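Everything below concerns the one structure shown next.
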Amino acid sequence: MDLVGLIPSFGGLIWTIGAFIIALSIIVAIHEYGHYIVGRWSGIHAEVFSIGFGPVLTSRVDKRGTVWQIAALPFGGFVKFKGDANAASVGSEDTAELTPAERRATMTGAPLWARAATVFAGPAFNFIFAFFVFAILVMFRGVASDPLTIAELSPLPGDYGLDVGDEILAIDGRETPAFDQFSSFVDALPVQPVLAYRVLRNGAEVVVDGPYPRPAQALAVTLDSAALDAGIEQGDVIQAVDGAPVFAFGQLREIVGASDGAPLALTIWRDGEVIEKTLEPRRMDLPMPEGGFETRWLIGIQGGLFFEPQSESPGLLEAATYGVERVNFIITSTFSGLYHMVVGAISTCNISGPIGIAEVSGAAASQGWFTFVSFIAMLSVAVGLLNLFPIPVLDGGHLVFHAWEALTGHPPSERALNILMTVGLGLMAMLMVFAITNDLFCP
(Lines give C-alpha, C1' and ligand atoms only; values in the text may rest on other atoms or scores of the structure.)
Protein backbone atom coordinates (compact mmCIF):
# COMPACT_ATOMS: atom_id res chain seq x y z
CA MET A 1 0.00 0.00 0.00
CA ASP A 2 1.21 3.48 -0.87
CA LEU A 3 1.85 5.19 2.47
CA VAL A 4 0.99 8.54 0.90
CA GLY A 5 -2.52 7.16 0.53
CA LEU A 6 -2.78 7.05 4.30
CA ILE A 7 -2.78 10.84 4.41
CA PRO A 8 -6.41 11.92 3.93
CA SER A 9 -6.95 14.48 1.22
CA PHE A 10 -9.04 16.74 3.45
CA GLY A 11 -6.37 18.06 5.70
CA GLY A 12 -3.04 16.30 5.57
CA LEU A 13 -1.08 14.29 8.06
CA ILE A 14 -0.72 17.03 10.71
CA TRP A 15 -4.48 17.66 10.77
CA THR A 16 -5.16 13.93 11.11
CA ILE A 17 -2.67 13.41 13.93
CA GLY A 18 -3.88 16.54 15.72
CA ALA A 19 -7.52 15.44 15.60
CA PHE A 20 -6.55 11.95 16.78
CA ILE A 21 -4.55 13.31 19.72
CA ILE A 22 -7.41 15.61 20.77
CA ALA A 23 -10.00 12.81 20.57
CA LEU A 24 -7.78 10.30 22.36
CA SER A 25 -6.70 12.76 25.05
CA ILE A 26 -10.30 13.62 25.90
CA ILE A 27 -11.29 9.96 26.13
CA VAL A 28 -8.22 9.03 28.18
CA ALA A 29 -8.78 11.96 30.54
CA ILE A 30 -12.40 10.89 31.12
CA HIS A 31 -11.41 7.25 31.62
CA GLU A 32 -8.57 7.97 34.03
CA TYR A 33 -10.57 10.57 35.92
CA GLY A 34 -13.15 7.88 36.58
CA HIS A 35 -10.46 5.73 38.17
CA TYR A 36 -9.10 8.71 40.11
CA ILE A 37 -12.29 10.18 41.53
CA VAL A 38 -13.89 6.87 42.55
CA GLY A 39 -10.58 5.80 44.06
CA ARG A 40 -10.47 9.04 46.01
CA TRP A 41 -14.08 8.64 47.14
CA SER A 42 -13.20 5.08 48.20
CA GLY A 43 -10.29 6.27 50.32
CA ILE A 44 -7.46 5.24 47.96
CA HIS A 45 -4.77 7.87 47.46
CA ALA A 46 -3.72 8.72 43.90
CA GLU A 47 -0.05 9.63 43.62
CA VAL A 48 0.06 10.50 39.90
CA PHE A 49 -2.55 11.40 37.30
CA SER A 50 -0.93 11.47 33.86
CA ILE A 51 -2.17 12.27 30.37
CA GLY A 52 0.42 10.68 28.12
CA PHE A 53 3.55 8.65 28.78
CA GLY A 54 7.27 9.31 28.77
CA PRO A 55 9.05 12.55 29.68
CA VAL A 56 6.90 14.96 31.69
CA LEU A 57 6.19 18.25 29.92
CA THR A 58 4.39 19.98 32.76
CA SER A 59 3.08 19.02 36.19
CA ARG A 60 1.67 20.36 39.42
CA VAL A 61 0.92 18.93 42.86
CA ASP A 62 -2.53 19.50 44.35
CA LYS A 63 -3.38 19.90 48.03
CA ARG A 64 -3.96 16.14 48.38
CA GLY A 65 -0.44 15.38 47.19
CA THR A 66 -1.45 14.07 43.76
CA VAL A 67 0.86 14.96 40.87
CA TRP A 68 -1.13 16.04 37.80
CA GLN A 69 1.04 15.86 34.69
CA ILE A 70 1.09 15.96 30.90
CA ALA A 71 3.72 13.75 29.28
CA ALA A 72 5.34 13.86 25.87
CA LEU A 73 3.68 10.81 24.28
CA PRO A 74 -0.05 11.65 24.12
CA PHE A 75 -1.27 8.15 23.27
CA GLY A 76 -2.75 7.08 26.58
CA GLY A 77 -2.49 7.87 30.26
CA PHE A 78 -2.63 6.41 33.74
CA VAL A 79 -3.41 6.94 37.39
CA LYS A 80 -0.82 5.60 39.82
CA PHE A 81 -2.39 4.82 43.15
CA LYS A 82 -0.46 4.42 46.35
CA GLY A 83 0.60 0.80 46.61
CA ASP A 84 0.89 0.28 42.85
CA ALA A 85 4.29 -0.98 41.75
CA ASN A 86 3.61 0.98 38.56
CA ALA A 87 0.65 2.38 36.70
CA ALA A 88 -0.01 -0.76 34.71
CA SER A 89 0.64 -3.44 37.30
CA VAL A 90 -1.46 -5.28 39.85
CA GLY A 91 1.61 -5.74 42.05
CA SER A 92 2.27 -3.65 45.11
CA GLU A 93 4.98 -2.02 47.10
CA ASP A 94 6.02 -3.37 50.46
CA THR A 95 3.34 -1.98 52.79
CA ALA A 96 4.29 -4.01 55.86
CA GLU A 97 5.66 -0.98 57.70
CA LEU A 98 2.59 1.19 57.11
CA THR A 99 0.05 1.91 59.81
CA PRO A 100 -3.45 0.43 59.29
CA ALA A 101 -4.75 3.86 58.23
CA GLU A 102 -1.89 4.36 55.78
CA ARG A 103 -2.33 0.86 54.37
CA ARG A 104 -6.06 1.49 53.92
CA ALA A 105 -5.15 4.36 51.60
CA THR A 106 -3.20 2.02 49.26
CA MET A 107 -4.61 0.09 46.32
CA THR A 108 -3.59 -3.23 47.87
CA GLY A 109 -4.74 -2.38 51.37
CA ALA A 110 -8.19 -1.07 50.45
CA PRO A 111 -11.26 -3.31 50.78
CA LEU A 112 -12.20 -5.42 47.78
CA TRP A 113 -15.29 -3.33 47.04
CA ALA A 114 -13.17 -0.15 46.87
CA ARG A 115 -10.63 -1.70 44.52
CA ALA A 116 -13.30 -3.17 42.25
CA ALA A 117 -15.26 0.09 42.14
CA THR A 118 -12.09 2.04 41.31
CA VAL A 119 -11.21 -0.31 38.46
CA PHE A 120 -14.76 -0.35 37.03
CA ALA A 121 -15.07 3.42 37.22
CA GLY A 122 -12.80 4.05 34.21
CA PRO A 123 -15.00 2.28 31.63
CA ALA A 124 -18.14 3.48 33.45
CA PHE A 125 -17.08 7.10 33.05
CA ASN A 126 -16.52 6.50 29.32
CA PHE A 127 -20.12 5.33 29.02
CA ILE A 128 -21.48 8.16 31.19
CA PHE A 129 -19.52 10.75 29.19
CA ALA A 130 -20.91 9.42 25.90
CA PHE A 131 -24.44 9.39 27.32
CA PHE A 132 -24.22 13.07 28.28
CA VAL A 133 -22.66 14.03 24.95
CA PHE A 134 -25.39 12.33 22.91
CA ALA A 135 -28.12 13.79 25.12
CA ILE A 136 -26.69 17.33 24.93
CA LEU A 137 -26.19 17.12 21.17
CA VAL A 138 -29.80 16.14 20.54
CA MET A 139 -30.92 19.00 22.78
CA PHE A 140 -28.68 21.37 20.84
CA ARG A 141 -29.84 20.18 17.42
CA GLY A 142 -33.46 19.73 18.46
CA VAL A 143 -36.16 17.46 17.09
CA ALA A 144 -38.65 18.26 14.36
CA SER A 145 -41.83 19.90 15.58
CA ASP A 146 -45.36 19.84 14.22
CA PRO A 147 -46.87 21.28 12.10
CA LEU A 148 -44.26 20.49 9.45
CA THR A 149 -42.68 23.83 8.58
CA ILE A 150 -39.62 24.60 6.44
CA ALA A 151 -36.83 26.17 8.49
CA GLU A 152 -34.06 25.91 5.87
CA LEU A 153 -33.88 24.83 2.22
CA SER A 154 -30.97 22.90 0.73
CA PRO A 155 -29.59 24.38 -2.51
CA LEU A 156 -30.85 22.30 -5.44
CA PRO A 157 -30.68 22.63 -9.22
CA GLY A 158 -33.99 23.74 -10.68
CA ASP A 159 -36.53 26.45 -9.95
CA TYR A 160 -39.04 25.59 -7.25
CA GLY A 161 -41.68 27.67 -5.51
CA LEU A 162 -41.10 26.64 -1.90
CA ASP A 163 -39.81 29.12 0.67
CA VAL A 164 -38.58 29.21 4.27
CA GLY A 165 -41.53 29.45 6.65
CA ASP A 166 -43.89 27.45 4.44
CA GLU A 167 -46.05 25.01 6.38
CA ILE A 168 -46.41 21.89 4.23
CA LEU A 169 -50.06 20.84 4.22
CA ALA A 170 -50.04 18.30 1.38
CA ILE A 171 -47.79 16.77 -1.28
CA ASP A 172 -49.20 15.39 -4.53
CA GLY A 173 -52.68 15.93 -3.13
CA ARG A 174 -52.01 13.85 0.01
CA GLU A 175 -52.34 15.43 3.44
CA THR A 176 -49.06 15.41 5.37
CA PRO A 177 -49.09 13.50 8.66
CA ALA A 178 -47.22 14.26 11.89
CA PHE A 179 -43.46 14.27 11.44
CA ASP A 180 -42.92 10.91 13.17
CA GLN A 181 -44.95 9.36 10.33
CA PHE A 182 -43.52 11.51 7.54
CA SER A 183 -40.91 8.97 6.42
CA SER A 184 -43.56 6.35 5.62
CA PHE A 185 -45.59 9.08 3.94
CA VAL A 186 -42.69 9.94 1.63
CA ASP A 187 -42.18 6.26 0.77
CA ALA A 188 -45.75 6.16 -0.60
CA LEU A 189 -45.31 9.22 -2.86
CA PRO A 190 -44.75 8.78 -6.60
CA VAL A 191 -41.06 9.00 -7.50
CA GLN A 192 -41.14 12.04 -9.77
CA PRO A 193 -38.69 14.94 -10.23
CA VAL A 194 -41.40 17.54 -9.53
CA LEU A 195 -44.38 17.27 -7.16
CA ALA A 196 -47.16 19.67 -6.21
CA TYR A 197 -46.90 21.08 -2.69
CA ARG A 198 -49.84 22.75 -0.96
CA VAL A 199 -48.44 25.06 1.69
CA LEU A 200 -49.66 27.64 4.16
CA ARG A 201 -47.80 30.90 3.52
CA ASN A 202 -48.57 34.16 5.33
CA GLY A 203 -51.99 32.85 6.31
CA ALA A 204 -52.97 31.78 2.79
CA GLU A 205 -52.86 28.38 1.11
CA VAL A 206 -50.94 28.19 -2.17
CA VAL A 207 -49.86 25.33 -4.43
CA VAL A 208 -46.27 25.40 -5.70
CA ASP A 209 -43.85 23.02 -7.39
CA GLY A 210 -41.23 21.27 -5.30
CA PRO A 211 -38.67 18.47 -5.69
CA TYR A 212 -39.06 14.87 -4.62
CA PRO A 213 -38.71 15.06 -0.80
CA ARG A 214 -35.62 12.85 -0.70
CA PRO A 215 -33.40 14.01 -3.58
CA ALA A 216 -30.15 12.33 -4.61
CA GLN A 217 -28.20 14.69 -2.40
CA ALA A 218 -25.34 14.10 0.03
CA LEU A 219 -26.64 15.61 3.23
CA ALA A 220 -23.69 14.00 4.98
CA VAL A 221 -20.57 12.16 3.81
CA THR A 222 -19.69 9.03 5.76
CA LEU A 223 -16.29 8.86 7.40
CA ASP A 224 -13.78 6.48 5.80
CA SER A 225 -15.86 6.04 2.62
CA ALA A 226 -15.44 5.99 -1.14
CA ALA A 227 -17.36 9.27 -1.38
CA LEU A 228 -15.04 11.03 1.05
CA ASP A 229 -11.95 9.72 -0.75
CA ALA A 230 -13.40 10.87 -4.11
CA GLY A 231 -13.94 14.41 -2.85
CA ILE A 232 -17.72 14.41 -2.63
CA GLU A 233 -18.89 17.13 -0.27
CA GLN A 234 -21.89 17.74 1.90
CA GLY A 235 -24.63 19.32 -0.22
CA ASP A 236 -23.54 17.75 -3.52
CA VAL A 237 -26.47 16.70 -5.71
CA ILE A 238 -25.98 13.61 -7.89
CA GLN A 239 -27.73 14.26 -11.18
CA ALA A 240 -26.62 11.18 -13.12
CA VAL A 241 -24.80 7.87 -12.65
CA ASP A 242 -22.99 6.50 -15.70
CA GLY A 243 -25.04 8.95 -17.77
CA ALA A 244 -28.43 7.77 -16.45
CA PRO A 245 -30.38 10.63 -14.78
CA VAL A 246 -31.30 10.25 -11.10
CA PHE A 247 -33.25 12.61 -8.89
CA ALA A 248 -34.29 10.47 -5.90
CA PHE A 249 -31.96 9.07 -3.25
CA GLY A 250 -33.67 5.70 -3.55
CA GLN A 251 -32.71 5.52 -7.22
CA LEU A 252 -29.08 6.19 -6.34
CA ARG A 253 -29.14 3.54 -3.61
CA GLU A 254 -30.51 0.93 -6.02
CA ILE A 255 -27.85 1.68 -8.66
CA VAL A 256 -25.03 1.50 -6.11
CA GLY A 257 -26.42 -1.69 -4.59
CA ALA A 258 -26.52 -3.37 -7.98
CA SER A 259 -23.06 -2.18 -9.02
CA ASP A 260 -21.19 -5.17 -7.55
CA GLY A 261 -18.33 -2.80 -6.81
CA ALA A 262 -17.81 -1.61 -10.39
CA PRO A 263 -16.63 2.01 -10.83
CA LEU A 264 -19.44 4.55 -11.12
CA ALA A 265 -19.19 7.86 -12.98
CA LEU A 266 -21.19 10.52 -11.11
CA THR A 267 -22.39 13.81 -12.54
CA ILE A 268 -22.62 16.19 -9.59
CA TRP A 269 -24.20 19.62 -9.18
CA ARG A 270 -22.35 21.76 -6.63
CA ASP A 271 -23.29 25.41 -6.05
CA GLY A 272 -24.33 25.88 -9.65
CA GLU A 273 -21.33 24.07 -11.11
CA VAL A 274 -21.48 20.61 -12.72
CA ILE A 275 -18.52 18.35 -12.00
CA GLU A 276 -17.64 14.72 -12.70
CA LYS A 277 -16.43 12.18 -10.14
CA THR A 278 -15.63 8.49 -10.44
CA LEU A 279 -15.60 6.16 -7.46
CA GLU A 280 -15.85 2.48 -6.61
CA PRO A 281 -18.53 1.37 -4.13
CA ARG A 282 -17.25 -0.56 -1.13
CA ARG A 283 -18.76 -3.65 0.39
CA MET A 284 -19.77 -2.70 3.94
CA ASP A 285 -21.26 -4.59 6.88
CA LEU A 286 -23.97 -2.46 8.46
CA PRO A 287 -25.46 -3.07 11.92
CA MET A 288 -29.24 -3.31 11.81
CA PRO A 289 -31.49 -1.72 14.46
CA GLU A 290 -33.16 -5.06 15.12
CA GLY A 291 -29.79 -6.82 15.46
CA GLY A 292 -27.43 -8.57 13.07
CA PHE A 293 -25.70 -7.13 10.04
CA GLU A 294 -26.56 -6.37 6.45
CA THR A 295 -23.81 -6.41 3.82
CA ARG A 296 -24.30 -3.92 0.99
CA TRP A 297 -22.37 -1.98 -1.61
CA LEU A 298 -22.12 1.66 -0.52
CA ILE A 299 -20.43 4.85 -1.67
CA GLY A 300 -20.76 6.55 1.71
CA ILE A 301 -23.28 9.36 1.48
CA GLN A 302 -26.34 9.88 3.63
CA GLY A 303 -29.53 11.23 2.20
CA GLY A 304 -32.57 12.88 3.69
CA LEU A 305 -35.12 15.62 3.13
CA PHE A 306 -34.27 18.62 0.96
CA PHE A 307 -35.27 20.91 3.80
CA GLU A 308 -34.65 21.27 7.52
CA PRO A 309 -37.93 21.28 9.43
CA GLN A 310 -38.52 23.68 12.26
CA SER A 311 -37.39 22.05 15.47
CA GLU A 312 -37.77 22.31 19.19
CA SER A 313 -35.51 21.27 22.01
CA PRO A 314 -36.55 17.91 23.46
CA GLY A 315 -37.30 17.54 27.16
CA LEU A 316 -34.74 16.15 29.55
CA LEU A 317 -36.39 12.72 29.57
CA GLU A 318 -36.49 12.50 25.77
CA ALA A 319 -32.85 13.62 25.50
CA ALA A 320 -31.78 11.16 28.20
CA THR A 321 -33.63 8.36 26.44
CA TYR A 322 -31.83 9.20 23.20
CA GLY A 323 -28.48 9.17 25.01
CA VAL A 324 -29.15 5.75 26.52
CA GLU A 325 -30.33 4.37 23.18
CA ARG A 326 -27.21 5.58 21.36
CA VAL A 327 -24.83 4.09 23.94
CA ASN A 328 -26.79 0.84 23.97
CA PHE A 329 -26.80 0.65 20.16
CA ILE A 330 -23.01 1.06 19.99
CA ILE A 331 -22.46 -1.61 22.66
CA THR A 332 -24.86 -4.15 21.14
CA SER A 333 -23.54 -3.48 17.62
CA THR A 334 -19.98 -4.05 18.83
CA PHE A 335 -20.81 -7.39 20.42
CA SER A 336 -22.86 -8.40 17.40
CA GLY A 337 -20.01 -7.43 15.09
CA LEU A 338 -17.47 -9.45 17.06
CA TYR A 339 -19.74 -12.48 17.02
CA HIS A 340 -20.38 -12.22 13.28
CA MET A 341 -16.64 -11.85 12.63
CA VAL A 342 -15.86 -14.95 14.72
CA VAL A 343 -18.40 -17.05 12.81
CA GLY A 344 -17.20 -15.64 9.48
CA ALA A 345 -20.43 -13.84 8.59
CA ILE A 346 -18.70 -10.47 8.12
CA SER A 347 -15.15 -9.41 7.34
CA THR A 348 -12.51 -8.98 10.06
CA CYS A 349 -11.54 -5.79 8.22
CA ASN A 350 -14.20 -4.13 10.39
CA ILE A 351 -11.55 -3.98 13.14
CA SER A 352 -9.55 -0.75 12.86
CA GLY A 353 -6.22 0.08 14.45
CA PRO A 354 -4.61 3.40 15.40
CA ILE A 355 -4.00 4.40 11.78
CA GLY A 356 -7.62 3.85 10.81
CA ILE A 357 -8.92 5.59 13.92
CA ALA A 358 -6.61 8.53 13.29
CA GLU A 359 -7.87 8.85 9.72
CA VAL A 360 -11.48 8.79 10.86
CA SER A 361 -10.68 11.32 13.61
CA GLY A 362 -9.33 13.74 11.04
CA ALA A 363 -12.27 13.14 8.72
CA ALA A 364 -14.73 13.77 11.55
CA ALA A 365 -12.97 16.99 12.54
CA SER A 366 -13.00 18.19 8.92
CA GLN A 367 -16.81 17.88 8.86
CA GLY A 368 -17.34 20.24 11.77
CA TRP A 369 -17.52 20.23 15.53
CA PHE A 370 -20.86 18.39 15.70
CA THR A 371 -19.55 15.37 13.79
CA PHE A 372 -16.25 15.43 15.67
CA VAL A 373 -17.89 15.53 19.09
CA SER A 374 -20.27 12.74 18.09
CA PHE A 375 -17.29 10.68 16.97
CA ILE A 376 -15.49 11.26 20.28
CA ALA A 377 -18.58 10.04 22.15
CA MET A 378 -18.80 6.93 19.98
CA LEU A 379 -15.09 6.21 20.43
CA SER A 380 -15.46 6.71 24.19
CA VAL A 381 -18.03 3.90 24.30
CA ALA A 382 -15.70 1.67 22.27
CA VAL A 383 -12.76 2.37 24.58
CA GLY A 384 -14.84 1.71 27.67
CA LEU A 385 -16.13 -1.53 26.23
CA LEU A 386 -12.67 -2.72 25.17
CA ASN A 387 -11.34 -2.09 28.67
CA LEU A 388 -14.03 -4.33 30.15
CA PHE A 389 -12.90 -7.36 28.14
CA PRO A 390 -11.65 -10.03 30.58
CA ILE A 391 -8.05 -9.79 29.41
CA PRO A 392 -5.25 -9.36 31.96
CA VAL A 393 -3.70 -5.85 31.79
CA LEU A 394 -7.16 -4.42 30.95
CA ASP A 395 -9.67 -3.26 33.56
CA GLY A 396 -11.82 -6.28 32.78
CA GLY A 397 -8.92 -8.57 33.65
CA HIS A 398 -8.46 -6.84 37.01
CA LEU A 399 -12.18 -7.25 37.68
CA VAL A 400 -11.81 -10.98 37.02
CA PHE A 401 -8.99 -11.09 39.58
CA HIS A 402 -11.23 -9.28 42.06
CA ALA A 403 -14.07 -11.72 41.35
CA TRP A 404 -11.67 -14.60 42.04
CA GLU A 405 -10.71 -12.98 45.33
CA ALA A 406 -14.37 -12.52 46.26
CA LEU A 407 -15.10 -16.21 45.59
CA THR A 408 -11.99 -17.73 47.17
CA GLY A 409 -11.16 -15.23 49.87
CA HIS A 410 -7.69 -14.53 48.52
CA PRO A 411 -6.22 -12.96 45.34
CA PRO A 412 -4.47 -15.04 42.65
CA SER A 413 -0.93 -16.01 43.52
CA GLU A 414 1.92 -13.79 42.40
CA ARG A 415 3.11 -16.51 40.00
CA ALA A 416 -0.35 -16.84 38.47
CA LEU A 417 -0.61 -13.06 38.14
CA ASN A 418 2.73 -12.82 36.38
CA ILE A 419 1.75 -15.56 33.92
CA LEU A 420 -1.68 -14.07 33.26
CA MET A 421 -0.28 -10.57 32.79
CA THR A 422 2.27 -11.90 30.30
CA VAL A 423 -0.49 -13.69 28.40
CA GLY A 424 -2.60 -10.52 28.45
CA LEU A 425 0.23 -8.41 27.09
CA GLY A 426 0.77 -10.97 24.35
CA LEU A 427 -2.92 -10.95 23.40
CA MET A 428 -2.99 -7.15 23.26
CA ALA A 429 0.17 -7.09 21.15
CA MET A 430 -1.37 -9.60 18.73
CA LEU A 431 -4.57 -7.56 18.54
CA MET A 432 -2.60 -4.40 17.84
CA VAL A 433 -0.59 -6.04 15.06
CA PHE A 434 -3.78 -7.47 13.55
CA ALA A 435 -5.54 -4.08 13.67
CA ILE A 436 -2.59 -2.22 12.11
CA THR A 437 -2.42 -4.88 9.38
CA ASN A 438 -6.09 -4.18 8.66
CA ASP A 439 -5.34 -0.43 8.49
CA LEU A 440 -2.61 -1.02 5.93
CA PHE A 441 -4.08 -3.72 3.71
CA CYS A 442 -7.88 -3.83 4.02
CA PRO A 443 -9.74 -1.93 1.30
Checklist entry - In whole percent, what relative contact order does the chain give with Cα contacts below 8 Å and a gap of six or more residues? => result 17
Item to check | Per residue accessible area of the chain, 1.4 Å probe, in Å² | outcome: 51
Checklist outcome for this item: Kirkwood radius from Cα pairs of segment 384-443 plugged into Stokes-Einstein at 37 °C, 0.692 mPa s, gives D in µm²/s equal to 258
Checklist entry - Among 335-342, 126-133, what's the highest-first ranking by average C-beta atoms within 10 angstrom per residue? => result 126-133, 335-342
Item to check | Residue order for 442, 349 - accessible surface, 1.4 angstrom probe, largest first | outcome: 349, 442
Next on the checklist: Just to make sure I understand: if all protein chains stay in place, what is the order of 14, 238 by accessible area at 1.4 Å, largest first?
Outcome noted: 14, 238
Checklist entry - So, by mean Cβ neighbours within 10 angstrom, what's the order for 160-173, 370-383, 53-66 with the highest one leading? => result 370-383, 160-173, 53-66
Item to check | Surface/4 estimate of mean projected area, convex hull on alpha-carbon atoms of the chain, nm² | outcome: 26.0
Checklist entry - Which of rounded, prolate, oblate describes segment 137-196, given a ≥ b ≥ c as roots of the alpha-carbon gyration tensor eigenvalues and a/c under 1.5 marking rounded, otherwise prolate only if a/b is larger than b/c? => result oblate
Checklist entry - What's the extension gain from residue 99 to residue 343 if we count 0.36 nm per residue and subtract their Cα-Cα distance? => result 82.4 nm
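Tell me whether segment 234-387 comes out rounded, prolate or oblate; compute the Cα gyration tensor, take square roots of the eigenvalues as a ≥ b ≥ c, and use a/c under 1.5 as the rounded threshold.
oblate
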Checklist entry - Quick one: if the Förster radius is 30 Å, what FRET efficiency do residue 441 and residue 239 give, using the C-beta to C-beta distance and rounding to 0.05? => result 0.25
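By its C-alpha gyration tensor, with a ≥ b ≥ c as the square roots of the eigenvalues, how is segment 102-230 shaped: rounded for a/c under 1.5, else prolate for a/b larger than b/c, else oblate?
Working: a/c = 4.11, a/b = 2.76, b/c = 1.49.
It is prolate, given that a/c is not under 1.5 and a/b is the larger ratio.
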Next on the checklist: If DNA, RNA and ligands are ignored and the probe is 1.4 Å, what is the ranking of 334, 118 by accessible area, most exposed first?
Outcome noted: 334, 118
Next on the checklist: Could you tell me the extents of segment 291-381's C-alpha atoms along the three principal axes, largest first, rounded to whole Å?
Outcome noted: 44, 29, 27
Checklist outcome for this item: Toy charge model, Lys and Arg Cβ at +1, Asp and Glu Cβ at -1: segment 131-253 dipole around Cα centroid in debye, rounded to 20, equals 160
Item to check | Reduced Cα scattering model of segment 205-311, Debye log10 I(q)/I(0), q = 0.23, 0.24 Å⁻¹ | outcome: -1.34, -1.43
Checklist entry - Do you know the relative contact order of segment 181-292, to the nearest whole percent, from alpha carbon pairs under 8 angstrom that are 6+ apart? => result 19
Next on the checklist: I'd like the distance separating the alpha-carbon centroids of segment 307-379 and segment 142-192, in whole Å.
Outcome noted: 28
Checklist entry - When the accessible area of segment 103-195 is split by element with a 1.4 Å probe, what percent falls to carbon and sulfur? => result 60
Item to check | Signed unit charges on C-beta, dipole axis of the chain, positive-most listed residue 39, 222, 243 | outcome: 39
Next on the checklist: Can you list residues from other chains, or at least 5 along the same chain, whose modelled amide H is less than 5 Å from the amide H of residue 393?
Outcome noted: 398
Checklist entry - Summing +1 for each Lys or Arg and -1 for each Asp or Glu, what net charge is found among the other residues whose Cβ lies under 15 Å from the Cβ of residue 172? => result 0
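The values are calculated or read from the model by the stated rules, or taken from the named source; none is laboratory data. Please read these numbers as outputs of a predicted model, since none were measured by experiment. When we count neighbours, we look across all protein chains shown, and the Cβ atoms used for this are built from the backbone with ideal geometry, even at glycine. Note: accessible area is taken over every heavy atom of the protein model, side chains too, but ligands, DNA and RNA are not part of it. Shrake-Rupley method; radii C 1.70, N 1.55, O 1.52, S 1.80 Å.
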